[in-house]
């Protein structure tokens with residue numbers, strides 16, 4: 001078990017004297033990665049460390065492209081993202097942190113429309129830590145390996161499997177699915193993805209099972 005304040009301290013120690021550090025948080029769908037990332041950025045900012053949250057979900061392929069590829073029914077699987085684009089952004093974020101430049105703009109993912117939205121997140125030159133979270137940061141395939149090497153550290157967020165599934169069903173219902181359709185999607189799509197992600201835990205720099213993350 002890790003205390004949240006200890007995680008904040010560890011994240012702060014990643015920040016170099018000059019330049020910028022990148023911290024990744026991996027974990028299965030519904031594990032609480034975004035909650036942890038947002039809480040870390042808020043806590044670090046309060047201590048004077050300029051930090052920004054840049055989610056991997058901004059690199060979802062758009063629905064029109066998923067339809068063209070025939071992958072609409074597996075949205076959220078590794079092959080429904082753009083890992084090369086994500087890795088390129090990580091490289092640009094690191095390079096921009098070593099010199100005075102304007103902001104780097106990162107995409108976000110709008111859950112109201114279930115689509116990526118380009119240019120939504122400004123990362124200013126003074127940012128010293130980028131916290132990014134996503135399911136597949138630790139996947140060891142040629143497509144995803146450049147993502148792993150783009151971070152200074154990657155933590156793995158663990159969560160109780162039943163609680164994680166309940167969160168996913170509630171999320172899908174909140175954004176428009178019926179409870180039955182939400183449960184079916186979780187079992188058919190999210191759970192196979194979760195098993196793939198769970199198998200990457202041994203590649204993490206730190207395994208986190210933190211229960212005191214502030215909401």
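Coordinate-derived values only; no laboratory data. Source: prediction; values computed, not measured. Virtual Cβ from ideal backbone geometry, glycine too; neighbours counted across all protein chains shown.
For the pair residue 215 and residue 17, label points projected 7 Å from Cα toward Cβ lie 4.3 nm apart.
The slack between residue 5 and residue 126, meaning 0.36 nm per residue of separation minus the straight C-alpha distance, is 41.2 nm. A P(r) calculated from all alpha carbon pairs of the chain, with 5 Å bins opening at zero, reads 1, 7, 15, 20, 21, 17, 11, 5, 2, 0, 0 percent.
With respect to the chain, whose longest principal axis is taken over its alpha-carbon atoms, helix 4-14 is tilted by about 60°. Where does helix 83-96 land angle-wise versus the long Cα axis of the chain, in degrees 0 to 90, nearest 10? The angle comes out near 20 degrees.
Rounded to the nearest 500, the 222 nm mean residue ellipticity of the chain from helices alone is -10500 deg cm²/dmol, with -39,500 (n - 2.57) taken per DSSP H run of at least 4 residues. Between the Cα long axis of helix 33-46 and the first principal axis of the chain there is an angle of about 20°, rounded to the nearest 10. Centre-to-centre separation between the Cα atoms of region 164-215 and those of region 36-65: 18 Å.
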